[in-house]
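Presented below is the structure to which this report refers.
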């Protein structure tokens with residue numbers, strides 16, 4: 001049975017990464033001690049689940065979980081199930097009970113979730129993230145903040161716009177980054193992340209959460225930073241969304257920056273008309289938003305007229321293409 005092979009592999013090797021295998025290799029392509037696990041692929045502490053056998057593996061794992069009666073059987077079968085399907089409520093609830101009864105060590109459970117998150121698709125499992133949060137809510141003294149932030153960053157890299165990773169990071173901010181020093185470090189870390197991922201709305205949203213925690217003392221430096229990003233990386237809506245937040249958070253009149261951004265786009269993006277038009281449109285929409293929220297409404301008609309013009313130009317360009 002595949003389930004038994006998987007259980008043996010997990011008990012024999014210290015697996016540090018899992019993944020899906022699209023094509024099962026020939027036995028002679030694998031080390032001799034790995035051949036017995038085929039169609040599972042075990043190499044250098046890496047474990048691959050063959051996609052074509054996944055339905056069978058899940059069926060066997062589910063049956064083993066339902067029929068498990070002893071503590072060690074429940075621990076083993078629930079572990080296999082959450083590795084294959086981390087959103088399996090029943091398996092994780094069984095593990096919660098075993099943890100509360102001290103049959104499973106908290107540190108070992110965190111390592112299991114770390115292993116689950118090495119598979120990009122699994123890194124967006126809301127149930128697995130909730131399980132991790134539950135562990136630290138019950139045993140906060142076991143939390144290593146730097147390690148948790150590294151996990152958040154790695155999973156957000158594996159799966160861009162990883163809402164659940166950023167939500168968990170926000171929880172860490174609220175619960176474990178309560179000093180101004182920790183909050184400022186998180187602000188700088190988030191800035192660095194955004195500079196490398198200017199389209200990631202989840203990271204941008206987290207920045208707003210961090211700013212609300214640290215207050216408004218860094219207004220000038222922050223506005224210089226976000227304005228510089230908008231100019232250097234034209235056409236990214238996430239950055240403009242953050243400037244909207246800043247306009248209300250700092251009570252700013254941002255109309256002057258609309259003109260600055262449009263001029264910069266015309267000067268730097270003339271070789272890429274589509275990018276230039278996109279940046280100008282985002283700037284004008286930001287200006288209209290300023291008018292709608294009451295941050296000076298005298299330019300609303302001007303903005304609407306310019307938006308119609310740029311939309312017309314883009315429509316003509318698209319027809320020609």
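The values are calculated or read from the model by the stated rules, or taken from the named source; none is laboratory data. Source: prediction; values computed, not measured. Neighbour counts are summed over all protein chains in view; Cβ atoms, including those assigned to glycine, are modelled from backbone coordinates with ideal geometry.
Check off (1) in a helix (DSSP H, G or I); (2) in contact with a helix residue (DSSP H, G or I) (Cβ under 7 Å, 6 or more places away or on another chain) for residue 192 and give me the number that stays unchecked. Result: residue 192 passes all but (2).
Taken as a whole, the condition of being within 21 Å of the chain's Cα centre (by Cα) and surrounded by 21 or more Cβ atoms within 10 Å (Cβ to Cβ) does not apply to residue 112.
When only residues in the stretch 154-166 that are in contact with a helix residue (DSSP H, G or I) (Cβ under 7 Å, 6 or more places away or on another chain) and part of a helix (DSSP H, G or I) count, which is modelled with the lowest pLDDT? Out of the qualifying residues, it is 158.
The residue that is farthest from residue 172 (Cα to Cα), among those in the stretch 198-252 that are in a helix (DSSP H, G or I) and without any contact (Cβ under 8 Å) to a residue 12 or more places away in the chain, is 232.
When 53, 103, 22 are screened for being touching a residue at least 24 places away in the same chain (Cβ under 8 Å) and exposed (fewer than 13 other Cβ atoms within 10 Å of the Cβ), only 22 passes.
Note on the stretch 284-318: residues that are in a helix (DSSP H, G or I) and either touching a helix residue (DSSP H, G or I) at 6+ places or on another chain (Cβ under 6 Å) or at pLDDT 65 or above (or both) amount to 22. Note on the stretch 251-268: among residues that are at pLDDT below 90 and in contact with a helix residue (DSSP H, G or I) (Cβ under 9 Å, 6 or more places away or on another chain), the one that is surrounded by the fewest Cβ atoms within 10 Å (Cβ to Cβ) is 253. Name the single residue that is surrounded by the fewest Cβ atoms within 10 Å (Cβ to Cβ) among those in the stretch 139-153 being touching a helix residue (DSSP H, G or I) at 6+ places or on another chain (Cβ under 8 Å) and either part of a helix (DSSP H, G or I) or modelled with pLDDT under 95 (or both). Residue satisfying both the conditions and the ranking: 140.
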